[in-house]
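> Here it is, the structure in full.
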Amino acid sequence: MKVLFVASECVPFIKTGGLADVVGALPAALASEGVEARVLLPAYPAVKAALPKAKVLRQFPRSFGGRGQLIAGKAAGLDVIALEAPHLYDRPGNPYLAANGKDWPDNHLRYGALCRVAARIAVEGCDGWQPDVVHLHDWQAGLTAAYLKLGRRAAPPCVTTIHNIAFQGLFPEKTVETLGLPEKGFHPEGFEYFGKLGFLKAGLVYAERITTVSPTYARELTSAEFGMGLEGVIAARRTQVSGILNGIDLDIWNPAADPEIAKTYSAKAPAGKAANRKALAERFKLDPDSRAPLFCVVSRLTRQKGLDLLLEALPRLIGRGASLAVLGSGDADLEAAYTAAARENPGRLGVVIGYDEALSHLMQAGADSILVPSRFEPCGLTQLYGLRYGTLPLVARTGGLADTVIDANEAALQAGVATGFQFAPVATAPLADAIDRCCDAFADSKAWGAMVRRAMKHPVGWETSAAAYAKVYREMIEAQR
Ligand code: ADP
Ligand code: GLC
């Protein structure tokens, strides 16, 4: 079974968040299910650099305002097809934002071109390879479904995965014509979203199936609170929506063989974690109390992640003798607030503003607990890394966080199944209470140790979910016969 992934990010080439981790890891997991996946990406500078011996597959003299060509090659174990169009993608840094922090004004062209080419590969094949299924990831790939379904030629079925409905790819009506889309699709049952062109909406309306990255988020998306205006579209297609949990790459995130950490360790031999705690404390100039947990955060600093609530709960955390290391970047006001709070709490709160993949590994290895107080979280990956590294997740009970962490309540403790802490509703007081519970639990080092070992054994790989995706693909192919 051949599957074409269409995405705007992919580890290890380009990443702004968990989407890249998923697109980079899922193809290898699918291989065990007999799926041959190729990943279509924009040829950003980092993608081109990873494909020095790429083969040119075909050329497009006109590709939304310039020349384009498709190149292909193997990199980091992935079969990559890249759309080279320097006028669209030859820009370093964050794929979506210009240096002024605003979206590139031509993002509709940049991702519209990607979708148009994806549809051509789907219908015509390229390099003697034609997909049986097209798998679209997030809004940047969504328009592919419209090009396929509103086009005149027979097309393979496609599935759209929602990684985050907060990003919908909305553009003015006039872009419909620029992107060569048929006017007949511009209505509320098509790709129109309240007078605008909606890339993600197109993906949801025209794809045969929809998936999202956890069962809880799949349910939440049908409500006004979480659906961000698309809840009706999703609810109407309820029977074609599946929630499939993300996994993590067990080779990249492996405390027993992680080159980025101070000392390797495992569930059987967890002692090495202490050396990482020490290294983490030094890196963040913290002076942690051995009787209280050292917490960490690795996150985009945005409203989604609820880190404003953590700032409000900080006095409780520090009052309990605990300390906190934060690695993140994002909204200027949150960056400033964390930097100021670190200045006011030397030795107890350490903050690194920026994006640092290597440091994120040391944080997972060195902290006792990772905090994820998100207002919404489609799946979340940092709590999964936390489980694997024995860094007990303390999470908001929402989306994938609710599905992956077992709260240390009395029943779960008695049954010996707890792996972390959950709180609800997502507000400062419940968060602070959960921090208290975590500090209490940490004080019982024997019980804490048992929970750490259990968390480290919790299955967080791709196996089950890769099988679930393969099943969706097979059902789509079957339905088309
Ligand atoms: P989201 O995709 O919403 O940002 P996820 O938890 O799914 O949330 O994925 C976030 C990914 O980005 C994880 O791999 C996490 O380790 C990484 N990450 C987030 N912020 C940083 C940062 N400042 N430095 C390094 N890695 C980060
Ligand atoms: C999104 C979500 C996150 C999810 C990731 C990968 O960025 O915010 O919860 O884990 O996509 O699916």
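The values are calculated or read from the model by the stated rules, or taken from the named source; none is laboratory data. Just so it is clear, the model here is predicted, and its values are computed rather than measured. Neighbour counts are summed over all protein chains in view; Cβ atoms, including those assigned to glycine, are modelled from backbone coordinates with ideal geometry. Protein only, heavy atoms only, side chains kept; ligands, DNA and RNA dropped before computing areas. Shrake-Rupley method; radii C 1.70, N 1.55, O 1.52, S 1.80 Å.
> Find all pairs meeting these conditions: Cβ atoms under 6 angstrom apart; at least six residues apart or on different chains; first residue within the range 147-161 and closer than 15 Å to Tyr473 by Cβ and within 16 Å of ligand 2 (Cβ to nearest atom); second residue basic (Lys, Arg) and modelled with pLDDT of 95 or more.
Val159/Arg209
> For the range 378-417, enumerate the residues that are open to solvent by 10 Å² or more (accessible area, probe 1.4 Å) and in a loop (DSSP other than H, G, I, E, B).
Gly380, Leu381, Arg397, Ile406, Ala408, Asn409, Gly416, Val417
Yes/no per residue for (1) farther than 22 Å from Leu143 by Cβ; (2) at pLDDT 95 or above; (3) out of contact with any helix residue (DSSP H, G or I) (no Cβ under 6 Å at 6 or more places or on another chain):
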{"residue": "Lys2", "(1), (2), (3)": "no, yes, yes"}
{"residue": "Cys10", "(1), (2), (3)": "no, yes, no"}
{"residue": "Ala28", "(1), (2), (3)": "yes, yes, yes"}
{"residue": "Ser32", "(1), (2), (3)": "yes, yes, yes"}
{"residue": "Ala43", "(1), (2), (3)": "no, yes, no"}
{"residue": "Phe60", "(1), (2), (3)": "no, no, yes"}
{"residue": "Ser63", "(1), (2), (3)": "no, no, no"}
{"residue": "Arg67", "(1), (2), (3)": "no, no, yes"}
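> Would you be able to tell me the number of residues in the range 261-309 that are of a type in the set (Lys, Arg) and within 22 Å of the chain's Cα centre (by Cα)? It would help to see each step written out before you state the result.
First pass over the range 261-309, keeping only residues of a type in the set (Lys, Arg): 263, 268, 273, 277-278, 283, 285, 291, 300, 303, 305.
Restricting the remaining residues to those that are within 22 Å of the chain's Cα centre (by Cα) gives 300, 303, 305.
The total comes to 3.
> While we're here: Would you be able to say whether some residue in the range 454-461 is in contact with a Phe, Trp or Tyr (Cβ under 6 Å, 6 or more places away or on another chain) and within 26 Å of Ser290 (Cβ to Cβ)?
Here is the first cut: in the range 454-461, the ones in contact with a Phe, Trp or Tyr (Cβ under 6 Å, 6 or more places away or on another chain) are none.
The answer is no, given that none of the residues of the range 454-461 is in contact with a Phe, Trp or Tyr (Cβ under 6 Å, 6 or more places away or on another chain) and within 26 Å of Ser290 (Cβ to Cβ).
> Being touching a helix residue (DSSP H, G or I) at 6+ places or on another chain (Cβ under 7 Å), of a type in the set (D, E, K, R) and under 27 Å from Leu384 (Cβ atoms) is the filter here; which residues of the range 192-248 pass it?
Residues satisfying the conditions are Arg209, Glu220, Glu231.
> Among residues belonging to the range 4-19 that are more than 12 Å from ligand 2 (Cβ to nearest atom) and among the β-branched types (Val, Ile, Thr), point out the one that is surrounded by the fewest Cβ atoms within 10 Å (Cβ to Cβ).
The extreme case among them is Ile14.
> Looking only at residues in the range 240-257 that are within 17 Å of Gly400 (Cβ to Cβ) and not in a loop (DSSP other than H, G, I, E, B), which one is nearest to the chain's Cα centre (by Cα)? Steps first, please.
Of all residues in the range 240-257, those within 17 Å of Gly400 (Cβ to Cβ) come to 241-249, 253.
Those left that are additionally not in a loop (DSSP other than H, G, I, E, B): 241-243.
Working: Val241: 19, Ser242: 17, Gly243: 14 Å.
Across the range 240-257, the extreme among qualifying residues is Gly243.
> Sticking with this one: Give me a count of the residues in the range 323-351 that are closer than 18 Å to Asp287 by Cβ and either open to solvent by 40 Å² or more (accessible area, probe 1.4 Å) or in contact with a Ser or Thr (Cβ under 9 Å, 6 or more places away or on another chain) (or both).
Just the residues of the range 323-351 that are closer than 18 Å to Asp287 by Cβ, to begin with: 323-326, 341-351.
Going one step further and asking which of them are either open to solvent by 40 Å² or more (accessible area, probe 1.4 Å) or in contact with a Ser or Thr (Cβ under 9 Å, 6 or more places away or on another chain) (or both), we end up with 326, 343-351.
Total satisfying the criteria: 10.
> Taking the condition of being of a type outside the set (Ser, Thr, Tyr), open to solvent by less than 40 Å² (accessible area, probe 1.4 Å) and in contact with a helix residue (DSSP H, G or I) (Cβ under 7 Å, 6 or more places away or on another chain), how many residues in the range 452-471 meet it? Outline the logic, then answer.
So the first thing to find is which residues in the range 452-471 are of a type outside the set (Ser, Thr, Tyr), and the list is 452-463, 466-468, 470-471.
Now restrict to residues that are open to solvent by less than 40 Å² (accessible area, probe 1.4 Å): 452, 455-456, 460-462, 466-468, 470.
If we keep only those that are in contact with a helix residue (DSSP H, G or I) (Cβ under 7 Å, 6 or more places away or on another chain) too, we end up with 452, 455-456, 460, 462, 466, 470.
Residues that pass the stated criteria total 7.
> In the range 191-239, how many residues are part of a helix (DSSP H, G or I), open to solvent by 30 Å² or more (accessible area, probe 1.4 Å), away from ligand 2 (no atom under 16 Å from the Cβ) and under 26 Å from Cys10 (Cα atoms)?
Summing the residues that are part of a helix (DSSP H, G or I), open to solvent by 30 Å² or more (accessible area, probe 1.4 Å), away from ligand 2 (no atom under 16 Å from the Cβ) and under 26 Å from Cys10 (Cα atoms) in the range 191-239 gives 2.
> Looking for whichever is over 30 Å from Ile210 (Cα atoms) and not aromatic (Phe, Trp, Tyr) here; the options are Ala402, Ala418, Ala396. Which one fits? Don't jump to the end; show me each part of the working.
Working: Ala402 fails: over 30 Å from Ile210 (Cα atoms); Ala396 fails: over 30 Å from Ile210 (Cα atoms).
Result: Ala418 is the single residue among Ala402, Ala418, Ala396 that is over 30 Å from Ile210 (Cα atoms) and not aromatic (Phe, Trp, Tyr).
> Would you please list the contacts, defined by Cβ atoms under 9 Å and residues six or more apart or on different chains, that run from a residue in the range 285-297 that is touching a residue at least 24 places away in the same chain (Cβ under 8 Å) and closer than 11 Å to Thr391 by Cα to a residue that is open to solvent by 30 Å² or more (accessible area, probe 1.4 Å) and in a loop (DSSP other than H, G, I, E, B)?
Pro293/Arg320; Leu294/Pro288
> Hey, any hits in the range 358-366 for a residue that's crowded, with 16+ Cβ neighbours inside 10 Å and more than 16 Å from ligand 1 (Cβ to nearest atom)?
no
> Same structure again: Please state which one of Val22, Val39 is more than 16 Å from ligand 1 (Cβ to nearest atom) and open to solvent by less than 10 Å² (accessible area, probe 1.4 Å). First the steps, then the outcome.
On the way: Val22 fails: more than 16 Å from ligand 1 (Cβ to nearest atom).
Exactly one of Val22, Val39 is more than 16 Å from ligand 1 (Cβ to nearest atom) and open to solvent by less than 10 Å² (accessible area, probe 1.4 Å), namely Val39.
> Moving to a separate point now. Just give me the residues in the range 288-302 being surrounded by fewer than 16 Cβ atoms within 10 Å (Cβ to Cβ) and out of contact with any helix residue (DSSP H, G or I) (no Cβ under 7 Å at 6 or more places or on another chain), in sequence order. Walk me through it before giving the result.
At the first step, the residues of the range 288-302 found to be surrounded by fewer than 16 Cβ atoms within 10 Å (Cβ to Cβ) are 289-291.
Scanning the range 288-302 gives Asp289, Ser290.
> Another question, then. Among the strands (runs of 3 or more DSSP E) confined wholly to the range 57-176, which include 3 or more residues that are surrounded by fewer than 20 Cβ atoms within 10 Å (Cβ to Cβ) and over 20 Å from the mean Cα position of the chain (by Cα)?
Numbers: elements: 68-75, 78-84, 133-137, 158-162.
Because the criterion is at least 3 residues that are surrounded by fewer than 20 Cβ atoms within 10 Å (Cβ to Cβ) and over 20 Å from the mean Cα position of the chain (by Cα), the strands (runs of 3 or more DSSP E) in the range 57-176 that meet it are 68-75.
> While we're on this one: Yes or no: Phe13 in the same structural domain as Leu179 (by TED's automatic domain parsing) and either in contact with a Gly (Cβ under 7 Å, 6 or more places away or on another chain) or more than 25 Å from His163 (Cβ to Cβ) (or both)?
Values: in the same structural domain as Leu179 (by TED's automatic domain parsing): yes; either in contact with a Gly (Cβ under 7 Å, 6 or more places away or on another chain) or more than 25 Å from His163 (Cβ to Cβ) (or both): no.
It is false that Phe13 is in the same structural domain as Leu179 (by TED's automatic domain parsing) and either in contact with a Gly (Cβ under 7 Å, 6 or more places away or on another chain) or more than 25 Å from His163 (Cβ to Cβ) (or both).
> Hey, another quick one. Do we have Ala29 as in contact (Cβ under 8 Å) with a residue 24 or more places away in the chain and part of a strand (DSSP E or B) here?
On the way: in contact (Cβ under 8 Å) with a residue 24 or more places away in the chain: yes; part of a strand (DSSP E or B): no.
Here the answer is no, as Ala29 does not meet what is asked.
> Keeping to the range 91-138, report how many residues are closer than 24 Å to Lys471 by Cα and in contact (Cβ under 8 Å) with a residue 60 or more places away in the chain. Outline the logic, then answer.
As a first pass, look at the range 91-138 and keep what is closer than 24 Å to Lys471 by Cα: 118-119, 121-123, 125, 129-138.
Filter again for in contact (Cβ under 8 Å) with a residue 60 or more places away in the chain, leaving 118, 121-122, 129-138.
Residues meeting the conditions: 13.
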